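Encoded as structure tokens, the structure appears first; notes follow it.
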Amino acid sequence: MINPHFDHNRVIWKDEYSGFYEPVDYSEQFDHEWRLFLERKTGFFQHTGVETGDAWINDRIFDLTGVECHIPVPEAGGSKQDRNLGGRQYLDLKFAVDHFRGKRCLDAACGAGRWTKTLLALGAKVKSIDISEHGLNSVRLFNDDVERMNIFDIGARPDLHGVFDFTLCWGVVMCTHDPKVAFENIARTVRNRGECYVMVYAPTLHNSPDILGWRRHYHRNLHTFEEKLAYAYSIADRPENAINYLDMLNTFYNWVVEEETIHNWFRTNGFMDVITLNASEKNPGSYHVFGRKRAFAPPLRDDQGNFIPRNAKFDPNRIVTLKGPFPKEIGHAWQAPLGEFSTVADDMEHPYRSTLLLIEDGKPLFSRHTLHDEIRRFGMGRYSHWCDGLIFSTSDNSDPNTNKRRYGIVFAESAE
């Protein structure tokens, strides 16, 4: 099988490579290290990259939130210095300690479950998926919602689409044949207004000559797992850190990804407020990137400029007719008073609260929650249910008082 790093000298992922390379048996390449963790083999436990003991989980909580000793535990997990083995993460922006409480979270490619247990400790409800049976056996010790799954199979699982408040995928997408598609599958799981956090290797350490040389020798000259494990120990800075070396050696694909590429993945999959959480690091070995999914899908048009129909679930018997005349506001914007619905309207504190759909001749318009200046300047069906009124435009910027169309509103159960 072609290896892009050794056969094509491609190490930095480019989206133009998408669809070019073949998948491998991902269960095999990660399963060994989780098996060795369960066996408590030197270098594969009591390590930041894998350990699930409470003292280590407190460290993960501190990494995310800045809060120390969240779980009351005796100092039996080794000193803080000992627990730094494998490296710590330093995020510029921290999550509030109650940020995850009550949220439905997905730990995608969860490994032995350190982040699953961290989220559970912070009050989340977590579904853990992974391709490694040994990894899942570890997670089952503290989480019931566990499923063996390849992240490339998420596309065929509509029950997982758009249902999670927070999806975390740590250090996995770059170890696949197609990181772009891997991310797209992860992004599908996030609901509107939900959040996604991924970690991928940066083009600093993992494309260095030393690591590329070690990986080439590992994949070209070593054949049994015993040989490969012995080699990982031989190059490790210390035996207790062997998992870090096996982890970077054993994956067939080991891409590094530029920061702008990751941000573009987020933006093209409907995320806003995309930030690199460790942006202040001068020479980061990885990028930690976070984004929120937009509250509503933007309007789409076909090649002829016609709006593409969207799905909306509402009771047509509950449509309230809007009665004109409609006062002109500015530009393409018109007004309709809706004082009786002010408590469920958007306002400064709740800019996406309203579920109101504007109905034009029986068909819903979907350009909701639009900035008022955009309604005035561009129109074309944009509208906003704001405080005690509706500011709206017609689908073709005609005058709603004279275009002989019927206008109404309805509060949707769901809408794309």
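The values are calculated or read from the model by the stated rules, or taken from the named source; none is laboratory data. Computed from a prediction, not measured in an experiment: that's the story for all the values here. Please note: Cβ atoms are built from the backbone with ideal geometry, for glycine as well, and neighbour counts cover all protein chains shown.
Quick look at the numbers
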{"read-out": "Checking D396 against (1) loosely packed, with under 14 Cβ neighbours inside 10 Å; (2) closer than 24 Å to D315 by Cβ, the condition it does not meet", "value": "(2)"}
{"read-out": "Flag if E51 is of a type outside the set (G, A, S), within 13 Å of G113 (Cβ to Cβ) and out of contact with any Ser or Thr (no Cβ under 7 Å at 6 or more places or on another chain)", "value": "yes"}
{"read-out": "Residue pairs meeting the criteria (Cβ under 9 Å; at least 6 apart or on separate chains; first on the phi > 0 side of the Ramachandran plot, in the stretch 393-410; second of a type in the set (A, V, I, L, M))", "value": "N397/M380"}
{"read-out": "Among residues of the stretch 317-334, those that are of a type in the set (K, R) and part of a strand (DSSP E or B), counted", "value": "1"}
{"read-out": "Residue check, W115 in contact (Cβ under 8 Å) with a residue 60 or more places away in the chain and of a type in the set (F, W, Y)", "value": "no"}
{"read-out": "Only one of E68, E28, E39 that is without any contact (Cβ under 8 Å) to a residue 12 or more places away in the chain, farther than 30 Å from K228 by Cβ and among the charged types (D, E, K, R)", "value": "E68"}
{"read-out": "Any hit, the stretch 172-188, residues being without any contact (Cβ under 8 Å) to a residue 60 or more places away in the chain and among the polar types (S, T, N, Q)", "value": "yes"}
{"read-out": "Lone unmet requirement of (1) without any contact (Cβ under 8 Å) to a residue 24 or more places away in the chain; (2) farther than 20 Å from E147 by Cα; (3) of a type in the set (G, A, S) for G86", "value": "(1)"}
{"read-out": "Hits in the stretch 342-367 - residues which are of a type outside the set (V, I, T) and over 22 Å from N401 (Cβ atoms)", "value": "S342, A345, D346, D347, M348, E349, H350, P351, Y352, R353, S354, F366"}
{"read-out": "Tally, over the stretch 346-365, of residues that are under 29 Å from the mean Cα position of the chain (by Cα), surrounded by 15 or more Cβ atoms within 10 Å (Cβ to Cβ) and not polar (S, T, N, Q)", "value": "5"}
{"read-out": "Every residue from the stretch 194-223 that is over 32 Å from the mean Cα position of the chain (by Cα) and in a loop (DSSP other than H, G, I, E, B)", "value": "L222, H223"}
{"read-out": "Qualifying residue in the stretch 326-344 (condition: buried (at least 17 other Cβ atoms within 10 Å of the Cβ), in contact (Cβ under 8 Å) with a residue 24 or more places away in the chain and either within 30 Å of the chain's Cα centre (by Cα) or under 20 Å from N192 (Cβ atoms) (or both))", "value": "no"}
{"read-out": "Residue that is farthest from Y352 (Cα to Cα), among those in the stretch 383-414 that are touching a Ser or Thr at 6+ places or on another chain (Cβ under 7 Å) and assigned to a strand (DSSP E or B)", "value": "G408"}
{"read-out": "The stretch 255-293, residues that are in contact with a helix residue (DSSP H, G or I) (Cβ under 6 Å, 6 or more places away or on another chain) and surrounded by 20 or more Cβ atoms within 10 Å (Cβ to Cβ)", "value": "W255, V257, W265, Y287, V289, G291"}
{"read-out": "Entirely in the stretch 224-284, the helices (runs of 4 or more DSSP H) that have 1 or more residues that are closer than 26 Å to F166 by Cβ", "value": "242-250, 259-268"}
{"read-out": "Some residue of the stretch 121-128 being hydrophobic (A, V, I, L, M, F, W, C), surrounded by 24 or more Cβ atoms within 10 Å (Cβ to Cβ) and modelled with pLDDT of 95 or more", "value": "yes"}
{"read-out": "Test: residue in the stretch 58-72 that is in contact with an Asp or Glu (Cβ under 8 Å, 6 or more places away or on another chain), farther than 18 Å from Y197 by Cα and buried (at least 20 other Cβ atoms within 10 Å of the Cβ)", "value": "yes"}
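For every residue, the table says whether it meets (1) modelled with pLDDT under 95; (2) within 13 Å of the chain's Cα centre (by Cα); (3) among the small types (G, A, S).
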| residue | (1), (2), (3) |
| --- | --- |
| Y253 | no, no, no |
| F266 | yes, yes, no |
| N269 | yes, yes, no |
| V274 | yes, yes, no |
| A279 | yes, no, yes |
| K282 | yes, no, no |
| G291 | yes, yes, yes |
| D302 | yes, no, no |
| G305 | yes, no, yes |
